[in-house]
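The values are calculated or read from the model by the stated rules, or taken from the named source; none is laboratory data. Predicted, not measured: the structure shown is a model, and the values here were computed from it. Methodologically, a virtual Cβ is constructed for each residue, glycine included, from the backbone with ideal geometry; neighbour enumeration extends over all protein chains shown. Only protein heavy atoms, including side chains, enter the accessible area calculation; ligands, DNA and RNA are left aside. Shrake-Rupley method; radii C 1.70, N 1.55, O 1.52, S 1.80 Å.
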Amino acid sequence: MRSKEPAPKPGSVTLMTIHGAKGREFDCVYVVGLAEDILPSFQSKKKGDNSPEMEEERRNCFVAITRTKECLVLSRAENYRGWSKAPSRFLIEMELVGLPQ
């Protein structure tokens, strides 16, 4: 089976959602938005820490970071649209950042 999409040209950048990346692998992966209310989303946070929605967000984060073959870059900003955001709990769980002060 082949995809109906044309293959990307060498040296090009593919921008996609985490869902769109499932089952695929890439040499380099950049995951952006690893901040509370972004990943995990505000809606998942409202459902609770142990909710099925939060577990789905955790699985999505796992999918995103396991798509890479060689290089993984995880990023976040301190502010989104003027609102201060703490680092994603997933970064804390992976022990890549400490607990916010």
Enumeration of residues in the stretch 1-19 that are open to solvent by 50 Å² or more (accessible area, probe 1.4 Å) and β-branched (V, I, T): V13, T14, T17
Every pair of residues 6+ apart whose Cβ atoms lie under 6 Å, when the first sits in the stretch 69-81 and is closer than 12 Å to V32 by Cα while the second is in a loop (DSSP other than H, G, I, E, B): L74/L34; S75/V32; R76/L34
